[in-house]
Amino acid sequence: MEPIKRKVGELASKYEREFHGCSQAVIRAFQETLQLGDDTLFKASGSLVGGMYSGLTCGALTGGLLVLGLKTGRIRMEEGIEGLLEAFDPAQRLVKWFLEEYGTTSCKELTGTDWFDVNQVMLFLRSPEKLEKCVERVGKTAEKVAELLEELGKL
């Protein structure tokens with residue numbers, strides 16, 4: 001497990017550092033490591049970057065939740081509520097961990113950036129210190145997702 005945990009963490013951090021896009025960095029790291037999902041998921045997850053381009057929930061977290069959902073979520077609507085239950089606990093555990101680790105899930109609070117203000121977004125993108133904090137968050141979140149999947153026997 002440790003090699004997979006380390007690999008997804010390193011890949012997610014690398015992608016965030018080199019290309020940006022927190023949610024996509026987490027997803028692509030798992031896609032490449034576990035052959036998970038497809039380009040449609042990767043493309044769609046771009047709308048989660050920067051807390052859904054609005055400073056809301058951190059994209060590293062939402063990307064991690066999508067990975068958990070791919071491995072634990074229901075396949076058909078007809079599975080009903082019961083089909084949702086397998087994803088419930090790991091999703092909540094990831095969110096609780098994130099809150100304990102960072103104190104908030106808000107991208108605006110984590111980055112100090114008002115994502116509705118283009119000038120603030122540009123300042124954020126030009127701040128190596130702020131960007132490096134996101135790189136660290138992305139990597140650690142990917143590692144936590146791998147840990148949760150391992151506990152579930154889903155790696």
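Determine whether G73 is surrounded by 12 or more Cβ atoms within 10 Å (Cβ to Cβ) and of a type in the set (G, A, S). So that I can check it myself, show each step before the final result.
Numbers: surrounded by 12 or more Cβ atoms within 10 Å (Cβ to Cβ): yes; of a type in the set (G, A, S): yes.
The answer is yes for G73.
In the stretch 30-45, is there at least one residue being touching a Lys or Arg at 6+ places or on another chain (Cβ under 7 Å) and in a helix (DSSP H, G or I)? Yes; the residues of the stretch 30-45 include at least one that is touching a Lys or Arg at 6+ places or on another chain (Cβ under 7 Å) and in a helix (DSSP H, G or I). Name the pairs: first residue in the stretch 21-47 and surrounded by 23 or more Cβ atoms within 10 Å (Cβ to Cβ), second residue part of a loop (DSSP other than H, G, I, E, B), Cβ to Cβ under 9 Å, at least 6 apart or on different chains? So the pair list comes out as C22/C58; S23/C58; I27/L36; I27/G37; R28/G21; F30/L36; F30/G37; S45/G21.
Every residue in the stretch 107-135 that is touching a residue at least 24 places away in the same chain (Cβ under 8 Å), surrounded by 15 or more Cβ atoms within 10 Å (Cβ to Cβ) and not aromatic (F, W, Y), please. Answer for the stretch 107-135, where residues must be touching a residue at least 24 places away in the same chain (Cβ under 8 Å), surrounded by 15 or more Cβ atoms within 10 Å (Cβ to Cβ) and not aromatic (F, W, Y): C107, K108, L110, T111, T113, V121, L131, C134, V135.
Rule-based calculations on the coordinates, nothing more; no lab input. Since the model is a prediction, treat every value here as computed from it, not as a measurement. So basically every Cβ, Gly included, is an ideal-geometry build from the backbone, and we count neighbours across all protein chains shown.
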